[in-house]
1. Can you give me the ranges of the helices (runs of 4 or more DSSP H) entirely in the range 81-193 with at least 1 residues that are hydroxyl-bearing (Ser, Thr, Tyr) and open to solvent by 40 Å² or more (accessible area, probe 1.4 Å)?
2. Check whether at least one residue in the range 10-32 is part of a helix (DSSP H, G or I), modelled with pLDDT of 95 or more and surrounded by fewer than 18 Cβ atoms within 10 Å (Cβ to Cβ), and report yes or no.
3. Which of the residues belonging to the range 46-58 are touching a residue at least 12 places away in the same chain (Cβ under 8 Å) and either open to solvent by 50 Å² or more (accessible area, probe 1.4 Å) or within 21 Å of the chain's Cα centre (by Cα) (or both)?
Amino acid sequence: MDHETRRREIATALWRVVRRHGVEGATVRAVAAEAGCSPSALRHYFVTQDELLTFTMRLVAENAHARIAALPDIADPSGRAERVLSELLPLDDERRTETHVWIAFNARALVDPKIRTIRDSTYDAIRDLCRKLVVDLTPATGARLDLLARQLNVLLDGLALHAALRPDLWSPRQVRAVLRHHLDALSSTSPGG
């Protein structure tokens, strides 16, 4: 097994630990046990816990980006927006785990500048993505376009948070329905309305 593949396996082991015990529970010993290796073997791949945490946070963003990049071309802007944004929502086990890890790491970003940098660049990329999707969905321009893009970004964050924290109230079907309703409303938005 190559070095990078093993690093990814260890990072996904960390995801499982974080999902069960939070970032605070993601000790080197706990992650090593979850990954099926000794703490000294883990240190061969990540010299420090901070290195492991930053790699893991980046991996969440990279996975979402790779899923979006692999999507087939969809001519319909609304259908494309729905498919793209669905990759950022906890609609299956993989994306649910990523969302739980993302939420946990956001709390750490308040006190960890390296994690904060990753969080901020990822949020910037999602904000830019929302703006591009809104450009395709509506003829709005200027301040109206900015407002609609921010609304979409906030809706995406809210859906992800609620679906991750209260899956009993927010099934994947319900999340998709709210997203679809909002995208349909955007598609019918006029520049002045």
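1. Of the helices (runs of 4 or more DSSP H) lying wholly inside the range 81-193, those with at least 1 residues that are hydroxyl-bearing (Ser, Thr, Tyr) and open to solvent by 40 Å² or more (accessible area, probe 1.4 Å) span 113-137, 172-187.
2. So far as the range 10-32 goes, no, none of its residues is part of a helix (DSSP H, G or I), modelled with pLDDT of 95 or more and surrounded by fewer than 18 Cβ atoms within 10 Å (Cβ to Cβ).
3. Those that are touching a residue at least 12 places away in the same chain (Cβ under 8 Å) and either open to solvent by 50 Å² or more (accessible area, probe 1.4 Å) or within 21 Å of the chain's Cα centre (by Cα) (or both): Gln49, Asp50, Leu52, Leu53, Thr54, Phe55, Thr56, Met57, Arg58.
The values are calculated or read from the model by the stated rules, or taken from the named source; none is laboratory data. Here the structure is a predicted model, which is why all the values come from computation and not from measurement. Counting neighbours? That spans all protein chains shown, and the Cβs are built from the backbone with ideal geometry, glycine included. Note: areas computed on protein heavy atoms with side chains; ligands, DNA, RNA excluded. Shrake-Rupley method; radii C 1.70, N 1.55, O 1.52, S 1.80 Å.
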